[in-house]
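Each remark here refers to the structure printed beneath this line.
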Amino acid sequence: MRVLITGTSGFIGRALAENMAVEHEVVCLSRQPTAVDGVEKIAGSFTDPAVLARLDGWDFDALVHLAALTGAGSEADLMAVNVLGSYTLLRYMADRGCGKLVLASSIAAVGMQSPLFRPLELPMSDEHPCLDRDGYGFSKYMMEETARYLSRQNTALDIVNIRLSSVWPEDREPVLRQPGPVGQWSMGAISCMYLSDAVRCFRLAAESRHKPGVRIMNATGQQACVEGTVPEMMRAWYGKEAERIDLSHYERRGHERDAVYSIGLIERELGFVPLRSVVPE
């Protein structure tokens with residue numbers, strides 16, 4: 001395969017480029033230098049049509065779009081980069097005949113950045129509605145909607161949106177969250193996976209059998225990083241409001257610490273199961 005990966009100066013992008021370059025032809029697009037050997041490197045922003053024009057000499061089998069503005073950006077910048085910028089990239093790739101588009105969305109697309117967020121269900125489904133108040137989650141949700149729009153125009157496209165959890169470096173020791181007041185990124189603090197699993201997830205998506213349409217899949221560790229059980233954490237966070245949430249899934253023996261995001265679809269569709277546990281043995 002010939003694969004374009006964006007954001008290859010970053011933590012996940014660099015590791016994915018190194019991993020995929022062993023068996024595939026990889027072209028890296030990043031604003032900062034890409035420290036990966038054996039790949040083609042393009043310096044610049046994916047939001048810039050002039051930069052994308054420098055890719056005209058290649059035909060790509062797949063795109064893995066990891067570059068983005070994170071939750072620390074302003075609302076206007078988040079929309080400009082993550083929505084309009086991603087539209088510019090996806091439109092370019094689709095018009096050039098790239099049929100596989102793998103996008104790094106986020107579990108923040110549900111809106112869990114805010115302490116006011118309340119899940120509608122647990123575990124949260126892969127297409128849990130966006131309830132964001134802070135801009136980042138909404139920008140990722142709108143990127144997903146942009147992909148749907150392009151898919152309606154070109155029904156042959158295979159678009160995979162990975163709602164990615166927090167990603168830990170390989171040498172990080174698991175840390176369990178203690179019950180206490182709910183804060184920003186609450187669900188993100190207990191929904192984590194290791195870098196090696198994140199890399200394998202995106203690679204599986206890029207290499208998967210072509211399936212026209214748009215898919216949205218949660219990707220996180222199999223267990224929540226909580227001290228105690230998920231129901232205990234929800235009741236500590238939400239008080240009486242936790243009674244509105246069906247917690248019966250976690251009240252079954254052996255499921256007390258299951259992930260707060262449903263991860264069954266990504267296993268069925270891509271065969272992805274995290275190999276490293278984020279909970280101490």
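On a straight-distance basis, which aspartates and glutamates could pair with K140 in a cross-link, Cα separation under 16 angstrom, same-chain partners fewer than 8 positions away excluded?
Answer for K140, where 16 Å is the Cα cut-off: E75, D77, D126, E127, D132, listed by chain and number.
If each of K41 and R177 carries a label point 7 Å out from its Cα toward its Cβ, how far apart are those two points in nm?
3.7 nm
Output the peptides 258-265, 93-100, 160-167 sorted from most to least packed, where packing is the average of other Cβ atoms within 10 Å over each peptide's residues. Intermediate results must be reported in sequence, preceding the final value.
Details: 258-265: 21.5, 93-100: 17.4, 160-167: 25.2.
Put in order of decreasing packing, that is 160-167, 258-265, 93-100.
Taking amide H positions as placed in the peptide plane 1.01 Å from N, state which residues far from W168 in sequence (5 or more) or on other chains have amide H under 5 Å from it.
Excluding prolines and chain starts, which carry no amide H, the hits are M193, Y194, L195.
What lysines does K211 reach when the alpha-carbon gap must be under 21 Å and sequence neighbours fewer than 8 apart in one chain are set aside?
K211 reaches K100.
Would the chain count as rounded, prolate or oblate if I go by the C-alpha gyration tensor, calling it rounded below 1.5 in a/c and otherwise prolate when a/b exceeds b/c, oblate otherwise? Present the calculation step by step, with values, prior to reporting the outcome.
On the way: a/c = 1.90, a/b = 1.68, b/c = 1.13.
Here the chain falls in the prolate category.
For region 221-237, just list the computed ³J(HN,Hα) in residue order, Karplus coefficients 6.51, -1.76 and 1.60, θ = phi - 60°, integers in Hz, with x standing in for Gly and Pro.
Per-residue couplings from phi come out as x, 6, 10, 7, 7, 10, 7, x, 10, 4, x, 5, 5, 4, 5, 5, 6 Hz.
Quick one: length gained pulling L84 to K211 fully straight, 0.36 nm per residue minus the C-alpha distance? It would help to have the intermediate numbers written out before the result.
Details: separation 127, 0.36 × 127 = 45.72 nm, distance 2.53 nm.
That pair, L84 and K211, stretches by 43.2 nm at full extension.
Show me the ranking of peptides 204-210, 56-62, 103-109 by mean Cβ neighbours inside 10 Å, starting with the highest.
Values: 204-210: 17.0, 56-62: 14.4, 103-109: 26.7.
The packing order, highest mean first, is 103-109, 204-210, 56-62.
If we sort 229-241, 135-147 on the protection proxy, mean other Cβ atoms within 10 Å, highest first, what's the order?
Values: 229-241: 17.3, 135-147: 22.8.
Descending mean neighbour count gives 135-147, 229-241.
Report the calculated FRET efficiency for H249 and Q32 (r = Cβ-Cβ distance, R0 = 45 Å), to the nearest 0.05.
0.60
What spacing in nm lies between the two simple spin-label points modelled at D95 and E232, each 7 Å away from Cα in the Cβ direction?
That separation, rounded to one decimal, is 5.6 nm.
Please state the relative contact order of region 121-257 as a whole percent: Cα pairs under 8 Å, 6+ residues apart?
Numbers: 163 pairs, mean separation 43.5, N = 137.
Relative contact order, region 121-257: 32 percent.
Roughly how many nanometres apart are two label points built 7 Å out from the Cα toward the Cβ at E241 and R152?
3.3 nm
What 222 nm value per residue comes from the helices of the chain, counting each DSSP H run with n ≥ 4 as -39,500 (n - 2.57) and dividing by all residues, nearest 500 deg cm²/dmol? Display every interim value, and only then the final one.
Details: 9 runs with 79 residues, N = 281.
So the helix-based figure for the chain works out to -8000 deg cm²/dmol.
Classify region 161-217 as rounded, prolate or oblate from the Cα gyration tensor: take a ≥ b ≥ c as the square roots of its eigenvalues, call it rounded if a/c is under 1.5, otherwise prolate when a/b beats b/c and oblate if not. Mind showing how you got there, number by number?
Values: a/c = 4.89, a/b = 1.78, b/c = 2.74.
It is oblate, given that a/c is not under 1.5 and a/b is not larger than b/c.
Can you give the local net charge around G183? Use residues other than it whose beta-carbon is closer than 15 angstrom to its beta-carbon, Lys and Arg +1, Asp and Glu -1. Each step should come with its number before you reach the end.
Numbers: positive: R118, R133, R177; negative: D134.
The answer is +2.
Where a ≥ b ≥ c are the square roots of the eigenvalues of the C-alpha gyration tensor, would you call region 57-127 rounded, which needs a/c under 1.5, or, failing that, prolate if a/b is larger than b/c, or oblate?
Working: a/c = 3.47, a/b = 1.75, b/c = 1.98.
Oblate shape, in that a/c is at least 1.5 and b/c is the bigger or equal ratio.
Readers should treat all values here as calculations from the given coordinates under stated rules, not as data from a laboratory. Just so we're clear, the structure is a prediction, and the values are computed from it rather than from any experiment. FYI the Cβ positions are ideal-geometry reconstructions off the backbone, even for glycines, and counts take in every protein chain you see.
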